[in-house]
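Student: Pasting in a structure now, in structure tokens, and then I'll have a few things to ask.
What follows is calculated from the coordinates using simple rules that are stated; it is not laboratory data. Every value quoted in this text rests on a predicted model; they were computed, and no experiment measured them. When we count neighbours, we look across all protein chains shown, and the Cβ atoms used for this are built from the backbone with ideal geometry, even at glycine.
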Amino acid sequence: MKLKAKRGLLLAVCAAAIVPLAAIPLGWFALTDAALVGQRQNQETPYTSLVPTGNDYYLLRQLNTRVKLAERGATGPLYDSESGMEGMYLSGATYAEGMIYADSDMQAYQDEVLKTLVDGGVLPQAWYDQVKEEIDYWAGSTYYSTDTLGFVRLMTFVGESSSTCLLNMEVDSLTGKVVALWISAEQGHEIDPTAALPAWVELNELDGLGDWSVPVGTDYEESGLYSENGQVLMTCAAGDDNYTTGGQRRFYFSLMLGPYTREVSQ
């Protein structure tokens, strides 16, 4: 019993010593907080909100680099300090004779990308069904080519002929994002750019730019969305196809994404 009493006394003494020590940090913080209340700390560099730009997005960097290298490539080999790309830009072929015949895997890839646009609300189902019907009817032959930046171009022609192009699509091979699409068909269908364009922004993961708006006062007011932060324009349009040969009336559906600097009138 005496041993237990001694132990109890020892614990009581230790507790009495610890409690004041534990209170010291609390008291210190209370004093410092009181001293800081009402004081304003000046910053040498004022806070500024970060605004995203085209360089923050891989897809837009690719498109910008292609434009720069294509413009400068005519003068010979070069080194672009912003992109780190060295050499001359070489575009992919845009005619059947210079392209590679697409095997079943590449044709399946083309259809998969188109379905992604349909599921994402960008390509109307009616246009997808139309071009698929004509490709099947005409036994369309698909070819592809790539450029030095990895953009893949897929083109489907009427049979073995390269005079009538049913579909022309350009995809960034790394991200799988479509940057251009052209469909030519015997029958046209309605489109709604006000729905398709925001869906395309989201599908291409470019909504973080935050300032997509109608480019009022430009030729793209009815068919485009523009981002000042990204310096990029996307368009969605349909109408009479005056480019495809064949002697009969045809219609087109088009998607385009690329660098664009909007000139604002003063």
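Student: Would you kindly derive the ³J(HN,Hα) couplings of segment 252-260 from the backbone phi angles with the Karplus curve 6.51 cos²θ - 1.76 cosθ + 1.60 (θ = phi - 60°), listing them in order in whole Hz, with x for Gly and Pro?
Tutor: 10, 10, 9, 10, 9, 9, x, x, 7
Student: Ok, one more. So what is the relative contact order for segment 91-259, in percent, with contacts set as C-alpha pairs under 8 Å and at least six apart?
Tutor: That works out to 19 percent.
Student: Taking N as the number of residues in segment 91-259, what is its Cα Rg relative to 2.2 N^0.38 Å?
Tutor: Here the answer is 1.02, to two decimals.
Student: In nm, what is the difference between 0.36 nm times the number of residues separating Thr175 and Asp219 and their Cα-Cα distance?
Tutor: 12.9 nm
Student: Which of Lys115, Lys132 has the fewest other C-beta atoms within 10 Å, and how do the rest follow up to the most?
Tutor: By the 10 Å Cβ count, ascending, the order reads Lys115, Lys132.
Student: Further question: Taking neighbour Cβ counts within 10 Å as the exposure measure, how do Phe151, Phe253 sort from fewest upward?
Tutor: Phe151, Phe253
Student: Let me ask something else. Taking the simple approach of a point 7 Å from Cα along Cα-to-Cβ for both Asp111 and Gln248, what is their distance in nm?
Tutor: Roughly 2.4 nm, to one decimal.
Student: Neighbouring Cβ atoms within 10 Å as the yardstick, rank Thr261, Thr146 fewest first.
Tutor: Ordered by Cβ neighbours within 10 Å, fewest first: Thr261, Thr146.
Student: A further question on this structure: In nm, give the distance between the simple-model label positions of Thr53 and Ser91, each being 7 Å from the Cα along the Cα-to-Cβ direction.
Tutor: Here the answer is 2.7 nm between the modelled labels.
Student: Between Ile100 and Asp129, what FRET efficiency comes out of the Förster formula 1/(1 + (r/R0)^6) with R0 = 30 Å and r the beta carbon distance, rounded to 0.05?
Tutor: In this case the efficiency is close to 0.65.
Student: Through the Karplus equation 6.51 cos²θ - 1.76 cosθ + 1.60, θ set to phi - 60°, convert the phi angles of segment 198-207 into ³J(HN,Hα) values in whole Hz; use x for Gly and Pro.
Tutor: After applying 6.51 cos²θ - 1.76 cosθ + 1.60, I find x, 5, 5, 4, 5, 5, 8, 6, 10, 5 Hz.
Student: At 0.36 nm per residue, minus the direct Cα-Cα distance, what do Ser163 and Thr261 gain on full extension? Give it in nm, one decimal, please.
Tutor: Working it through step by step, the gained length comes to 31.9 nm.
Student: Multiply the residue gap between Glu202 and Ala70 by 0.36 nm, knock off their C-alpha separation, and tell me the result in nm, one decimal place.
Tutor: 44.7 nm
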